[in-house]
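Here is the structure we will look at.
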Amino acid sequence: MDHRERTILGALGFYLLGVVVVVAIAFAAAGCAAKQYHAATVAIVSADAFAGLVQDEADASICGKPTALPAPACLTQAQRGALSPYLKEALTLIIQGGETIKTMGPNATLWTVVAANADRIKTLLQQAFNLLPKAAQAHVTALAAAGGK
Amino acid sequence: MPQISLPLIIEWLGYLGPLSAGTTAGVAALEQIREVLKAHGIAADTGAIDAALVDARRRLAREEALGAAGIAETINPDPVVDGSEG
């Protein structure tokens, strides 16, 4: 490699580094409020997706349904009923969280407001998930890991 | 992080020329990049949250119907086949 080639490569490398720095500065400058908006959105959208997986799996696991495994790997109607209050509260809080995000918009305190709800939603969904049969839990886990249905 | 799409990258690249032109143009271009990123990120987030709200309301209604009508009727509405027929 001669001097001229090294100079061209050096200039190109400097230019590319410049592009990376500019993009990084732009992301940082995108602002705390926008980041909080994004973090809150991801929390609520993910929670809704997981609640959906648990609900669909619970409904499909009712004993006697073609989609359910034989007892004891299925949910009795009483067990499905026991799971319902957790899902109802979680979904209600998800809706409240979504409405809060829409009302507040990009705001520097948004995440603080949504985080309290997000913790409670996580606990409720964990409780609902724990009431599923083991095989159904494994199915939900696999679907969640794959990013949904 | 906002979703990074090809049109967005092309849009950024359009600002790189002015960035290298001088301080005033560079600052203005940086400000434009900031606004573009915010607009793209916030637009994507707004769409996602709207979709989640629709889904969550539908699922809550399903859960409430389950409590009101009883699980058997709501989850498994197929009529019980009477073995005496046929």
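The values are calculated or read from the model by the stated rules, or taken from the named source; none is laboratory data. Here the structure is a predicted model, which means the values were calculated and not measured. As a convention, Cβ positions derive from the backbone with ideal geometry for all residues, glycine included, and neighbour counts pool all protein chains shown.
Side notes on the structure shown:
- Taking the criterion of being crowded, with 21+ Cβ neighbours inside 10 Å and among the small types (Gly, Ala, Ser), the residues of segment A:85-117 that qualify are A:ALA90, A:GLY97, A:GLY98.
- Counted residues, segment A:85-128 - those being within 12 Å of another protein chain (Cβ to nearest Cβ), part of a loop (DSSP other than H, G, I, E, B) and at negative phi: 2
- Take the conditions (1) modelled with pLDDT under 90; (2) at negative phi; (3) among the small types (Gly, Ala, Ser); A:GLY31 misses just one of them, which is (2).
- Residues satisfying the criterion are present in segment A:119-137 (criterion: out of contact with any helix residue (DSSP H, G or I) (no Cβ under 8 Å at 6 or more places or on another chain), of a type in the set (A, V, I, L, M) and within 14 Å of A:ALA58 (Cβ to Cβ)).
- Residue in segment A:63-75 that is surrounded by 17 or more Cβ atoms within 10 Å (Cβ to Cβ), more than 8 Å from chain B (Cβ to nearest Cβ), at pLDDT 90 or above and assigned to a helix (DSSP H, G or I) present: no
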